[in-house]
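The values are calculated or read from the model by the stated rules, or taken from the named source; none is laboratory data. None of these values were measured; they are calculated from a predicted model. Here the Cβ positions follow ideal geometry from the backbone for every residue, glycine too, while neighbour counts run over all protein chains shown. These accessible areas exclude ligands, DNA and RNA; they are computed on the full protein's heavy atoms, side chains included. Shrake-Rupley method; radii C 1.70, N 1.55, O 1.52, S 1.80 Å.
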Amino acid sequence: MRILVIGSGGREHALVWKIAQSKLVDKIFCAPGNGGISKQAECVDIKADDIKGLLDFAKKEKIGLTVVGPEVTLAAGLVDEFMNYRLKVFGPDKKGARLEASKVFAKELMAKYNIPTASFKIFDVASQAKAHIDKTGAPCVVKADGLAQGKGVIVAKTTAEAKQAVESIMEDKIFGDSGNRVIIEDCLEGQEASIIVITDSQEVIPLASSQDHKRVFDGDKGNNTGGMGAYSPAPVVTKELFDQIKHKIIYRAIGGLVKEGIDYKGVLYAGIMITKDGPQLLEFNVRFGDPETQAILPRLKSDLVEVMLAVTESGLARLRSLSWDSRACICAVCASGGYPGDYEKGKEIFGLEEAEEMEDVVVFHAGTKRLSDKYVTNGGRVLGVTGLGNSIKEAVNKTYQAVGKIHFEGMHYRKDIGNKALISSGTPFQPKLRVSPK
Ligand code: AMP
Ligand code: GLY
């Protein structure tokens, strides 16, 4: 079978790497891909939001399964278009993608189906949002309704900061029409975890738990980034906690979507805050997490293509469960100097081969470009260096040993990925069984 993966980041490299291991696959294309992906797939120069270009390509190349990485592609309705031509595609349709493309839609669904989440109010007039902030005070969280490349959430410590966020989003329109409405919600406290499940709307198969590291510096200091690293499993998600998340969040969401007439198929990603009152849902994403995927897929033993095909055929029930490597996995992101602010591109990357020669290490590329026999930087997050170990500690040591072999001018990375898991005493849940949303 011929597979098309859409996207160009570390998540897509991990998907291509995993898909390449499937016996069902003859050839993989990636649009547009990146330097590292070009070793395992044929990269084609079509942008992730060029729906017509992707459709023409899939028809011409007789693609048997298309796997969508980024949310923009799903929100633009690629799945609906492909289904019109009976092309198999893994991901939710445009209606389902609203769970991520409209935070207002997502929050209203959470409220309607009694999913635990921060209390919130929705505003389409800036002055009313600011008056509300004056009344309720800080800290609070201001969220732009629409897609904003992961930058649309401001956790404000003061009312001045919150009102400034409202002005930037609603009046200065820094995210364009995505800022026509805002949500102001309570600020929650606790540890975050990512629960990613695969569903065909009837059945749910959870992937292993994971935890992202959003801030740029060690100790969760500095600005938010696209994610500086991840690890799996997250011991903080114990079996008891996972059961709560499953019943109060995942099943209610999928059941709610069915009631709303949405036949949701693909990945459902729940960003959870584990508060003293139990798990609360921060957000839904409608695709694999980045960089969580880079830490999860090296642990997955089952054939991912088989799972994805089953989803497109509404046949997830025929798969009994997924098989997992019990070892821990750490992914540390190496970023360009200056990221998440301005950075330069085109820096030669050294030491990749030495790192990749290490046993149980994979280097996933994100912002890289291949120039004949070398790789150069081509984005903010450049590499996701990933290592497996019998314990989190072993995986941490292995990963940072591999990171130590790699360098490029300006490279920086967090040195504390996995530390939270080292101090957590919980036993992570084992995502062994299929769970049905009954
Ligand atoms: P989101 O894009 O909704 O996941 O938000 C991005 C990040 O903002 C989350 O990973 C949290 O760190 C933070 N965040 C979102 N909502 C809240 C909230 N209600 N309370 C505290 N932090 C939040
Ligand atoms: N790791 C956060 C995200 O994928 O949105």
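Quick one: pull the percent of accessible area on the chain belonging to carbon and sulfur, 1.4 Å probe, ligands and nucleic acids left out. Spell out each step's value before the answer.
Details: 8660 of 18410 Å².
About 47 percent, which is the carbon plus sulfur part of the accessible surface.
In a reduced charge model with +1 at each Lys and Arg Cβ and -1 at each Asp and Glu Cβ, the range 81-162 shows a dipole moment near 180 debye about its Cα centre.
Heavy-atom accessible area for Arg370, with the other protein chains in place and a 1.4 Å probe, reaches approximately 110 Å². Among Gly53, Gly36, Gly229, determine the one that fluctuates most according to a GNM of the chain built with springs between C-alpha atoms less than 10 Å apart. Result for the chain, Cα springs under 10 Å: Gly53 fluctuates most. In terms of packing, defined here as the mean over residues of other Cβ atoms within 10 angstrom, the peptides 233-239, 257-263, 284-290 line up highest first as 284-290, 233-239, 257-263. Is the range 70-172 rounded, prolate or oblate when judged by the Cα gyration tensor, a ≥ b ≥ c being the square roots of its eigenvalues, rounded requiring a/c under 1.5 and prolate requiring a/b larger than b/c? Prolate is the answer for the range 70-172, as a/c is 1.5 or above and a/b outweighs b/c.
For the chain, the residue among Trp17, Met110, Val363 whose Cα projects farthest onto the positive side of the dipole built from Cβ charges is Met110. Report summary: the helix-based calculation at 222 nm, which adds -39500 (n - 2.57) for every DSSP H run with n ≥ 4 and divides by the residues of the chain, gives -7500 deg cm²/dmol. Along the Cα-to-Cβ line of Asn114, 7 Å from the Cα, sits a label point; which residues in the range 233-260 have backbone N less than 19 Å from it? Only 243-260 pass the distance filter.
Modelled this way, with points 7 Å down the Cα-to-C-beta line, the labels at Glu409 and Glu306 are 4.9 nm from one another.
Using a 1.4 angstrom probe on the protein heavy atoms only, could you order Asp134, Asp200, Asp93 from most to least accessible area? List each step's numbers first, then the result.
Working: Asp134 95, Asp200 5, Asp93 30 Å².
Result, largest first: Asp134, Asp93, Asp200.
Label zone (Gln401, point 7 Å along Cα-to-C-beta; backbone nitrogen cut-off 19 Å) within the range 357-375: 357-364.
Considering the dipole of the chain built from charges on the beta carbon (Lys and Arg +1, Asp and Glu -1) around the Cα centre, which of Val141, Ile262, Phe217 is farthest to its positive end? Comparing the listed Cα positions along the dipole, Ile262 ranks first. Using 0.36 nm per residue and subtracting the Cα-Cα separation, the extra length available between Asp416 and Phe350 on full extension is 21.5 nm. For the range 269-278, backbone phi angles converted through the Karplus equation (6.51, -1.76, 1.60; θ = phi - 60°) give residue-by-residue couplings of 10, 10, x, 10, 10, 8, 9, 5, 9, x Hz, Gly and Pro being listed as x. Under a Gaussian network description of the chain, with springs only between Cα atoms under 10 Å, the residue in Leu207, Leu74, Leu371 that fluctuates furthest is Leu371. Accessible area ranking (1.4 Å probe, heavy atoms, ligands and nucleic acids excluded), largest first, for Ser372, Ser323: Ser372, Ser323.
In the context of the full set of protein chains, residues of the range 210-292 present 34 Å² of accessible surface per residue (probe radius 1.4 Å, heavy atoms only).
Under a Cβ-only charge scheme (Lys and Arg +1, Asp and Glu -1), can you give me the dipole magnitude of the chain about the Cα centre, in debye to the nearest 20? Walk me through the intermediate numbers first.
Working: 59 positive and 56 negative charges, 175 e Å.
My answer is approximately 840 debye.
List the residues of the range 324-347 whose backbone N lies under 20 Å from a point placed 7 Å from the Cα of Asn223 along the Cα-to-Cβ direction. Answer for this model: 333-347.
The dipole here belongs to the range 1-125: it is taken about the Cα centre, uses +1 on the Cβ of Lys and Arg and -1 on the Cβ of Asp and Glu, and is about 360 debye. Membrane-span-like helices of the chain, defined as complete DSSP H segments with a Cα extent of 27 Å or more along the helix axis and a mean Kyte hydropathy of at least 1.6, are absent.
Considering only Ala165, Gly96, Gly36, and ranking their Cα positions along the charge dipole of the chain that arises from unit charges at the beta-carbon of Lys, Arg, Asp and Glu, the one farthest toward the positive end is Gly96. For Ala366, nonlocal amide neighbours, meaning residues 5 or more places apart or on other chains whose placed amide H falls under 5 Å from its own, are Leu383, Gly384. Taking a ≥ b ≥ c as the square roots of the eigenvalues of the Cα gyration tensor, the range 218-341 is prolate, since a/c reaches 1.5 or more and a/b is larger than b/c.
Accessible area per residue of the range 34-73 at 1.4 Å probe, in Å²? Write down the numbers at each step before the final one.
Values: 1800 Å² over 40 residues.
Value returned for the range 34-73: 45 Å² of accessible area per residue.
Here each label is just a point 7 Å from Cα along the line to Cβ, and for Met83 and Asp177 those points are 2.2 nm apart.
Site pair Asp26 and Glu61 shows an inter-label distance of 1.4 nm when each label is modelled 7 Å from Cα along Cα→Cβ.
When the chain is fully extended, how far beyond the present Cα-Cα distance does Leu371 get from Asp325, taking 0.36 nm per residue of separation?
Numbers: separation 46, 0.36 × 46 = 16.56 nm, distance 3.51 nm.
Full extension of this stretch gives 13.1 nm more.
Decide, for the chain, between rounded, prolate and oblate: order the square roots of the alpha carbon gyration tensor eigenvalues as a ≥ b ≥ c, take rounded if a/c falls under 1.5, and otherwise choose prolate if a/b is larger than b/c, else oblate. Judged from the Cα gyration tensor, the chain comes out rounded (a/c under 1.5).
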